[in-house]
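So the structure is just underneath, and the comments pick up after that.
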Amino acid sequence: MRLPARSGSLAQIRRRLARAASGRAVVVGIPLLWLLLFFLVPFLIVLKISFSTALLAMPPYAPLLEWVGHHIAALRVHLSNYQLLWSDPLYLDSLLYSVRVAAGSTLCCLLLGYPMALAIARAAPARRPLLLMLVILPFWTSFLLRVYAWIGLLKDDGVINNVLRSLHLIHQPIVMINTTFAIYVGIVYSYLPFMVLPLYANLEKHDGALLEAAADLGAHPWRAFWRVTMPLSLPGVMAGFLLVFIPAVGEYVIPSLLGPANQLMIGRVLSTEFFENRDWPVASAVAIVLLLLLLAPIVIFQRYHNRELEAER
Amino acid sequence: MPASSTAYLQLEGLSKRFGQFLAVNNVSLCVERGEIFCLLGASGSGKTTLLRLLAGFETPSAGRLLLDGEDLAGVPPYRRPLNMMFQSYALFPHLNAERNIAFGLEQERLSKRQIAQRVDEILEVVKMAPYRARKPHQLSGGQRQRVALARALVKRPKLLLLDEPLGALDRKLREHTQFELLNIQQQLGVTFIVVTHDQEEAMTLATRIGVMDRGEIVQIGTPREIYEFPATRFVADFIGSVNLFDARLSTASVSVAPAAVDAARGTCLHSPELPAPLLVDQSIEAAADAALWVALRPEKIALSRQPPAQQHNWARGTVREVAYLGDLSVFLVRLESGRELRASLTNSSRECAEQFARDTPVYLSWDSTSAIVGSS
């Protein structure tokens with residue numbers, strides 16, 4: 001009597017599982033397809049171009065595969081572009097400069113953003129939405145416009161110099177525009193919300209009882225911060241660091257508008273190769289190297305994040 | 001300073017106000033060294049606020065707090081010579097058991113060797129040595145509780161505050177842990193202040209209980225005193241199961257039971273819910289028409305099929321419900337007045353509850369020493 005009933009329910013369960021599996025396939029499949037089409041395929045094309053040589057043609061690079069006779073194809077792979085990147089100091093210099101500027105401004109974002117995020121997380125719950133909105137508010141204006149606005153603030157006869165001069169604090173304008181300092185200002189200003197938001201998301205989850213426990217065990221609030229809050233917020237710090245550092249390394253608009261003309265960041269080198277020199281293969285090689293370099297911190301973060309997730313389980 | 005203040009922990013007129021709300025109202029209390037003092041109350045009764053005042057997480061609105069002669073006013077939590085075991089345990093999730101326990105010692109200026117030695121000792125006491133390298137999320141609820149206890153005890157506090165120490169454990173583990181907690185307390189001789197809403201927990205752990213209601217301590221006494229001699233109607237009702245009657249002093253007291261009660265000590269009362277006069281072996285000073293209450297515990301009521309011999313302290317009714325709880329059976333008996341009484345019977349033999357099945361007419365009776373009368 002019971003067996004058929006049970007096997008019936010088994011079949012039902014199996015059907016339900018199959019339906020759930022197909023549902024999961026759709027949910028996972030759509031973003032996967034998206035990434036394949038719009039990330040992996042373009043990446044492979046760029047990779048292909050980076051092994052080619054420049055031509056004055058349309059498209060402006062030599063094909064990798066060429067028919068040299070009946071049924072004979074020749075594969076021409078050039079490593080010369082990568083060689084150039086290594087031998088011409090322009091590329092290495094601008095890459096190191098980019099990493100240095102990005103790391104420096106990310107650190108500034110962290111030093112500014114951490115106290116902000118902590119203050120918001122510890123504010124009265126009713127006030128948090130307002131404070132968060134203030135952090136996100138700049139996004140309501142175009143990024144480009146905001147960077148342009150900094151030209152008006154930083155240039156020799158800009159707002160800052162004019163105010164200082166009218167107060168008789170300076171007689172000669174302070175040169176700020178077209179300096180590395182201006183890039184720092186631009187990156188820190190533009191990317192600060194990307195540091196504050198993941199940090200806030202992390203800090204907001206902290207259990208207040210932990211700090212009370214630390215105090216109860218004899219830790220001064222400063223020590224409690226270093227021993228409890230700081231280590232527990234590291235995943236947020238990591239996320240914020242990557243969200244700022246990675247786009248900052250390849251940043252193009254900010255150094256173009258605010259940065260010095262003689263010292264290029266890698267993003268500007270890339271665009272110059274593409275659009276001015278029309279050397280697609282070299283530009284592609286720059287893009288590939290940049291991507292591989294930025295992959296390293298992402299992989300490290302993923303490892304860390306996975307460990308974190310396991311710990312929570 | 002009055003020289004009489006010799007108690008180990010002394011609270012004097014302690015109050016805490018949150019806006020309009022008076023969470024702790026004028027609490028005065030003395031706790032002796034080595035005691036386990038339980039603050040028992042429903043949620044919102046102010047017991048946790050009182051504990052947080054002791055720990056220093058809240059500052060009192062009024063009153064004084066003295067521990068071992070030292071006034072704790074203005075002493076921040078991280079300098080108070082007492083420790084707390086949090087209800088949620090509040091273990092540091094990024095540190096393993098051992099490092100959690102060492103945390104407090106690292107804040108004192110102790111050598112690495114001393115810290116290691118004291119951590120080892122306390123791990124033995126709480127029997128957690130094999131799990132010392134585990135992170136909190138790798139420990140069971142009971143194990144976390146032990147780590148939390150060890151972390152607080154390793155500091156050798158003058159006072160250990162425990163906030164619902166067994167609240168997060170399942171029933172079986174609770175009973176076991178209760179006795180172990182007592183064991184550890186006796187072994188180390190630390191003074192405990194326990195906050196709980198669970199009277200069973202309070203009864204088994206405490207040397208004395210303070211029952212809290214709406215920010216005030218309404219009665220302080222040993223578990224037996226609190227249970228057998230509740231000072232107020234609230235305490236009688238809050239602790240254990242009880243039958244409460246509204247009653248007034250009976251004018252015909254002497255004529256009903258001249259011999260049964262010592263007229264000097266006893267009180268004769270009348271309740272509209274009971275057919276017979278109530279005789280209580282306790283004197284009370286009250287106006288002749290004052291509204292009084294009488295409390296009668298279910299286990300102190302005797303059930304019988306025959307009418308009792310005594311003229312007083314009895315009632316007649318029918319069994320409405322029987323709840324068989326294994327060790328005892330609880331009967332809900334409806335009296336002729338419509339009032340329902342709870343009576344319990346220890347199942348000392350396997351069949352003894354059988355004779356009082358549902359709808360059986362029964363007589364209830366009790367001794368004059370069993371009931372408690374009060375006016376507040």
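General observations
- Over the residues of chain A, the helix contribution to mean residue ellipticity at 222 nm works out to -23000 deg cm²/dmol, using -39500 (n - 2.57) for each DSSP H run of at least 4.
- For A:R128, the shell of other residues with beta-carbons less than 11 Å away shows a net charge of +1, using +1 for Lys and Arg and -1 for Asp and Glu.
- Two-site label geometry, A:R15 and A:R100: point separation in nm, points 7 Å out along Cα→Cβ: 6.9
- Mean per-residue shielding of peptide B:88-97 is 5, counting Cβ atoms of other chains within 10 Å of each Cβ.
- Here the gap between A:S87 and A:R122, fully extended at 0.36 nm per residue and compared with their Cα-Cα distance, gives a gain of 7.4 nm.
- Our compactness index for segment B:81-138, the C-alpha radius of gyration over the empirical 2.2 N^0.38 Å, is 1.11.
- Selected from B:L249, B:L188, B:L123 as most flexible by GNM, with chain B as the system and alpha-carbon contacts under 10 Å: B:L188
- Checking every one of the GluC sites (Glu not before Pro) in segment B:1-85 against DSSP loop status and a limit of 13 other Cβ atoms within 10 Å picks out B:E32.
- With all protein chains kept in place, the per residue accessible area of the protein assembly as shown amounts to 54 square angstrom at a probe of 1.4 angstrom.
- Distance between the modelled labels on B:E32 and A:E66, one decimal in nanometres: 10.4 nm (7 Å Cα→Cβ projection).
- Viscosity 1.306 mPa s, 10 °C: Kirkwood-radius Stokes-Einstein D of the protein assembly as shown over Cα pairs, µm²/s: 48
- When B:T196, B:T59 are compared by accessible surface with a 1.4 Å probe, the order from highest to lowest is B:T59, B:T196.
- Solvent exposure ordering (accessible area, 1.4 Å, most first) of A:L75, B:L161: A:L75, B:L161
- Heavy-atom accessible area for B:C352, with the other protein chains in place and a 1.4 Å probe, reaches approximately 30 Å².
- Across chain B, the relative contact order, built from alpha-carbon pairs under 8 Å that are at least six residues apart, equals 15 percent.
- Förster radius 30 Å - calculated FRET efficiency between B:D246 and B:K172 (Cβ-Cβ, nearest 0.05): 0.15
- Computed about its Cα centre, the charge dipole of the protein assembly as shown is approximately 1700 debye, with only Lys, Arg, Asp and Glu carrying charge at their Cβ.
- Net charge of the neighbourhood of B:T177, taken over other residues with C-beta under 12 Å away and scored Lys/Arg +1, Asp/Glu -1, is +2.
- Convex hull of segment A:190-260 built on C-alpha atoms - directionally averaged projected area, nm²: 5.8
- Short-range pairs are left out: with C-alpha atoms under 8 Å and at least six residues apart, the relative contact order of segment B:241-374 is 29 percent.
- Inter-part distance where segment B:285-345 and segment B:135-210 are each reduced to a Cα centre, Å: 37
- Segment A:135-266 - percent relative contact order, Cα under 8 Å, separation 6 or more: 32
- For segment B:9-237, projected area of the alpha-carbon convex hull averaged over all directions, nm²: 12.8
- Portion, in percent, of the accessible area of the protein assembly as shown that falls on carbon or sulfur, probe 1.4 Å: 60
- Surface accessible to a 1.4 Å probe, B:T360 within the full protein complex, Å²: 20
- Residue pairs, from the table B:K127/B:K155; B:K47/B:K127; A:K205/B:K172; B:K47/B:K158; A:K205/B:K16, whose Cα atoms sit over 22 Å apart: B:K47/B:K127; A:K205/B:K172; A:K205/B:K16
- Axis angle, to the nearest 10 degrees, between helix B:171-188 and the longest C-alpha principal axis of chain B: 60 degrees.
- B:H270 accessible area, 1.4 Å probe, all protein chains in place, Å² to nearest 10: 100
- Choice from A:G218, A:G236, A:G113 showing the highest fluctuation, given a GNM over chain A with Cα pairs closer than 10 Å: A:G218
- Difference of contour (0.36 nm per residue) and Cα-Cα distance, A:L234 to A:A74: 52.4 nm
- Cα convex hull volume per residue for segment A:81-312 (Å³): 173
- Protein accessible surface hidden between B and A, which excludes ligands and nucleic acids, total in Å², probe 1.4 Å: 1900
- Value of [θ]222 nm, deg cm²/dmol, for chain B, DSSP H segments ≥ 4, -39500 (n - 2.57) each, nearest 500: -7000 deg cm²/dmol
- For residues of B:364-374, the mean tally of beta carbons on other chains within 10 Å: 0
- Heavy-atom accessible area, 1.4 Å probe, ligands and nucleic acids excluded: residues of segment B:57-77 down by at least 10 Å² from chain alone: B:F57, B:P77
- Segment A:238-297 versus segment A:90-150: alpha-carbon centroid distance in Å: 19
- Shown here for segment B:267-376: GluC sites (Glu not before Pro) in loop regions (DSSP other than H, G, I, E, B) with at most 11 other Cβ atoms within 10 Å, namely B:E285, B:E351.
- Degrees separating the helix B:112-125 axis from the principal Cα axis of chain B, which is the longest one: 20
- For A:Y252, B:Y324, the ranking by accessible surface with the largest value first comes to B:Y324, A:Y252, using a 1.4 Å probe.
- Kyte-Doolittle mean at least -0.5, axial Cα span of 15 Å or more - DSSP H helices of chain A: A:2-35, A:89-122, A:143-154, A:180-203, A:230-249, A:280-312
- Using R0 = 35 Å, the C-beta based FRET efficiency linking B:D71 and B:F234 works out to 0.60.
- In loop segments of segment A:22-102 as defined by DSSP, the trypsin sites (Lys or Arg not before Pro) with at most 13 further C-beta atoms inside 10 Å of their C-beta are A:R76.
- Rounded to the nearest 20 debye, dipole of chain B from Cβ charges on Lys, Arg, Asp, Glu: 1480
- Rounded to the nearest 0.05, the FRET efficiency derived from the C-beta distance between A:V163 and B:D327 at R0 = 60 Å is 0.10.
- Net +/- balance of residues flanking B:L328 in space, Cβ distance below 12 Å, scoring K and R +1, D and E -1: -1
The values are calculated or read from the model by the stated rules, or taken from the named source; none is laboratory data. This structure is a prediction, so every number in the text was calculated from the model and none was measured. Using ideal geometry, Cβ is built from the backbone for each residue, glycine included, and neighbour counts are taken over all protein chains shown. Each accessible area value is taken on the protein alone, full model and side chains, heavy atoms only, with ligands, DNA and RNA left out. Shrake-Rupley method; radii C 1.70, N 1.55, O 1.52, S 1.80 Å.
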